Amino acid sequence: MPVFTGSDMLTLLPAIVMCLFACGTLVLDVMGRRIPRGRRWLMLFGLCGLAITGVSLWRQWSALAAGGLSQYTGAQGAVTLDGLGFFSNALVLGATVLLFLTSYRFLEITREHSGEYYSLALFAQAGMYFMATASELITLFLGLELTSISFYILVGFTRVDRRSNEAALKYLLLGAVSSGFILYGFSLLYGIAGSTELADISSAVSGRGASDPFVVVAVVTIVAGLLFKISAVPFHMWAPDAYDGAPTPVTGHLSVASKVASFAVILRLLPMTLGSVRSLWEPLLIVAAVASMTVGSIAALTQHRLKRLFAYSSIAHAGYILLGIIAGTQMGLRGVYVYLIVYALMNLGAFTVLTALHRHGIAGEDLHDLRGLSTTRPVHAALFVVLLLSLAGMPPTAGFLAKYYIFTALIETRHYALAVIAAAYVVVSLYFYFRLVREMYMRPAETREPLAASLGIRLSLYATAALTLFIGVFPEPVLRLGFRISGVGQ
Amino acid sequence: MHHVPLSWYLILSAILFALGIAGFIYRKNIITVFMSIELMLNAVNLSFVAFAYQLRQVDGQIYAFFVMVVAAAEAAVGLAIILTVFKNRKTLQIDEIDSMKL
């Protein structure tokens, strides 16, 4: 039997491409230090890598569609390509492209520009590939850690900045503990099933039932660790500090890509693998979802640091997405997918605006840095309003659609109390998003320094805002996509 | 021939894991906190190896090797981050690193 077959190549190709380009970026960085504008070529080289990754993902998808298969297993059962994996990888790929586009000017201004940045982003993306597609515990764990370790460094990338150091330290310590929790749960699952394959674990756990103490401890520790990764309350303490201290483009990437990939892990582990012991983890998720919406919405009211405000807002969004998993029906999962797409778009757009606020001599991280944006940069301000409306869940933007599906799924499954609580916090969140609009439109500008609006930043802002509006007005393509994935993934 | 039963290993692993959590919560020095995390990972390794021995498999032992590799990588990155923090602040006490408190 050949050790490495064509189907293995097909399943692993995107990750191989990402790792090769990540190493290539490092080598070129060393070689090209003296070339003028060398870093621009480095970024373009990274973008080439992302393009090739995109092509190889597309080839996987078409191979799957051509064979009429719902999933495709390779690397001796370690990696499974299915709707969930494709969905997460495509979204993460898009987020990384926007990261590259928005980072260039930011890194030039902070004088911390080097090839490691792009390389680490590519390694993180390779990690997230395995998070989304792993169907075996060792691969899943390695994917999680490759992602986390890359992000620890990216968060602390501005070495001279004390806040960035501190953010990296807090993220590292709490992230490592959460990995420890997940790992402890994995060890018990391995003991229960005698195998690291998720399929074996699924049948072993359903044989043991929800009253077995090993199953209980395993589920509780794994859920706790995963809630850490998506920064859900009560394991959210790291998020405001890490988001605040990290370089702004990295914050955006952390809040979108790593969250999407972590939700992919949650979807694969909880409903798909541990679905038979739903009675164990569902209450935990309900508590976490309600607490996340509460803490996220209330704490965001008083923040004056922009990235902290968005940290709390993304905690609240994590709560909403968890509601879709709690509902658990086809409609709920469809809601989760739609919500993740929309969340990625609007959050990336919002962080693009925050990145543009970072100018020479101006940190652009405080609420009053937005003052007068409507007069100095009317287009940026208007697009930011669109994104904020979407974050608050107002029609006709995409955010409304996402919340609509979650609420419908909750009502279908008779979770009336949860639906009412969630709706109440939508009203609260309107207030704190409106504070940003008020700063932009009702206060005079404090500085004449133009925004750091490079081509990349403008491109990613226009793209995300336009898509947010488009999905809000013509939801049909995204809904079909969500339906297709939730059908394929089951 | 006396065999140590599996449950003893698992209890020891749980105790070590709990000690790691306690150290993480109560210790004030960053290096000690970091060591507590390593203790948690080693507790996990113990239970993997114990299960692997019980099941007469190598999967669990291989898993333990991967955990060690990842722990080493994490330590390398972690110590580098701790070093930059120390350079900027001249302290390793966790309470004093709080420039972002509101």
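So for A:PHE263, B:PHE65, what's the accessible-area order with a 1.4 Å probe, most first?
Ranking A:PHE263, B:PHE65 by accessible area, largest first, yields B:PHE65, A:PHE263.
Where does chain A land on Rg(C-alpha)/(2.2 N^0.38 Å)?
Normalised by 2.2 N^0.38 Å, the Cα Rg of chain A equals 0.93.
For every helix of n ≥ 4 consecutive DSSP H residues, a contribution of -39,500 (n - 2.57) applies; sum these over the protein assembly as shown, divide by its total residues, and give [θ] at 222 nm rounded to the nearest 500 deg cm²/dmol.
Roughly -26000 deg cm²/dmol at 222 nm, from the helical runs in the protein assembly as shown.
By how many nm would the segment from A:ALA382 to A:THR302 lengthen if fully extended, with 0.36 nm per residue of separation less the alpha-carbon distance?
Net length gain for the segment: 26.4 nm.
Between the range A:27-81 and the range B:61-101, what is the separation of their alpha carbon centroids in Å?
Distance between centres, Cα-based: 30 Å.
I'd like the chymotrypsin sites (Phe, Trp or Tyr not before Pro) in the range A:142-221 restricted to DSSP loop residues with at most 12 other Cβ atoms within 10 Å, sorted by number.
In loop regions of the range A:142-221 (DSSP not H, G, I, E or B), there are no sparsely surrounded chymotrypsin sites (Phe, Trp or Tyr not before Pro).
Choose one of A:VAL379, A:VAL265, A:VAL290: the residue whose Cα lies farthest towards the positive end of the charge dipole of the protein assembly as shown (beta-carbon charges +1 Lys, Arg; -1 Asp, Glu; about the Cα centre).
About the Cα centre, the residue reaching furthest to the positive side is A:VAL379.
Can you tell me what the convex hull of the Cα atoms of the range A:1-124 projects to on average, as an area in nm²?
Spelled out: convex hull of the Cα atoms, projected over all directions, averaged, 8.5 nm².
Can you compute the charge dipole magnitude of the range A:29-169 about its Cα centre, using +1 on each Lys and Arg Cβ and -1 on each Asp and Glu Cβ, nothing else charged? Give it in debye, rounded to the nearest 20.
680 debye
What whole number of Å gives the distance from the Cα centroid of the range A:150-218 to the Cα centroid of the range A:83-110?
The range A:83-110 and the range A:150-218 have Cα centres separated by 24 Å.
Along the charge dipole of the protein assembly as shown, Cβ charges K/R +1 and D/E -1, which of A:LEU198, A:PRO247, B:ALA52 sits furthest on the positive end?
Farthest along the dipole direction, towards plus: A:PRO247.
Cα-based Rg of the range A:212-267 per 2.2 N^0.38 Å, rounded to two decimals?
1.31
May I ask you to derive the FRET efficiency for A:VAL420 and A:TYR462 from their Cβ-Cβ distance with R0 = 35 Å, giving the value to the nearest 0.05?
0.40
Averaged over every viewing direction, what's the projected area of the C-alpha convex hull for the range A:19-83? Give it in nm², one decimal, please.
Quarter of the Cα hull surface area: 5.4 nm².
Name the residue farthest towards the positive end of the dipole of the range B:6-96 from the options B:ALA72, B:ALA43, B:LEU92, assuming +1 on Cβ of Lys and Arg, -1 on Cβ of Asp and Glu, about the Cα centre.
It is B:LEU92.
Distance in nm between label sites at A:VAL427 and B:LEU79, each 7 Å beyond Cα in the beta-carbon direction?
Rounded to a tenth, the inter-label distance reads 5.6 nm.
Rounded to a whole number, what % of the accessible area of chain A do carbon and sulfur atoms account for, probe 1.4 Å?
The C+S portion of the solvent-accessible surface of chain A is 67 percent.
Sort all Cα-Cα distances of the range A:162-289 into consecutive 10 angstrom bins from zero, then give the percent of pairs in each bin up to the one containing the longest distance.
Per 10 Å bin, starting at 0, the Cα pair percentages come out as 13, 42, 28, 14, 3, 0.
Computed over the Cα atoms of chain B, what is the convex hull's projected area averaged over all directions, in nm²? Before the final figure, lay out each step's value.
Values: hull surface 32.7 nm².
Computed as one quarter of the Cα hull surface, the answer is 8.2 nm².
Compute the FRET efficiency between A:LEU69 and B:LYS90 as 1/(1 + (r/R0)^6), taking r as their Cβ-Cβ distance and R0 = 60 Å, and round to the nearest 0.05.
Given R0 = 60 Å and the Cβ-Cβ separation, E is 0.50.
Under a plain spin-label model, where a point goes 7 Å from the Cα along Cα-to-Cβ, how far apart in nm are B:ILE25 and A:ILE16?
4.7 nm
Given Cβ point charges of +1 (Lys, Arg) and -1 (Asp, Glu) and nothing else, what value in debye, to the nearest 20, does the dipole of chain A about its Cα centre take?
Approximately 1140 debye in magnitude.
Between B:ALA18 and A:ARG208, what is the FRET efficiency for a Förster distance of 30 Å, r being their Cβ-Cβ separation, to the nearest 0.05? Present the calculation step by step, with values, prior to reporting the outcome.
Details: r = 24 Å, r/R0 = 0.78.
With a Förster radius of 30 Å, E is 0.80.
Any idea what the dipole of the range B:1-95 comes to, in debye rounded to 20, about its Cα centre with Lys/Arg Cβ at +1 and Asp/Glu Cβ at -1? Could you put the intermediate results ahead of the total?
Values: 6 positive and 4 negative charges, 72 e Å.
About 340 debye.
Keeping every protein chain present and rolling a 1.4 Å probe, give me the accessible area per residue for chain A in Å².
I get 34 Å² per residue for this part.
Identify the trypsin sites (Lys or Arg not before Pro) of the range A:390-444 meeting these criteria: DSSP loop state and at most 16 other C-beta atoms within 10 Å of the C-beta. Don't skip to the answer; put the middle values down first.
On the way: sites: A:LYS403, A:ARG414, A:ARG435, A:ARG438; in loops: A:ARG414.
Answer in residue order: A:ARG414.
Provide the gained length on full extension for the span A:THR329 to A:VAL55, in nm with one decimal, where the gain is 0.36 nm per separating residue minus the Cα-Cα distance.
Contour length minus Cα-Cα distance gives 95.4 nm.
The values are calculated or read from the model by the stated rules, or taken from the named source; none is laboratory data. Here the structure is a predicted model, which is why all the values come from computation and not from measurement. Note that we place each Cβ from the backbone using ideal geometry, even for glycine, and neighbour counts take in every protein chain shown. Keep in mind that these areas ignore ligands, DNA and RNA; they rest on the heavy atoms of the full protein, side chains included. Shrake-Rupley method; radii C 1.70, N 1.55, O 1.52, S 1.80 Å.
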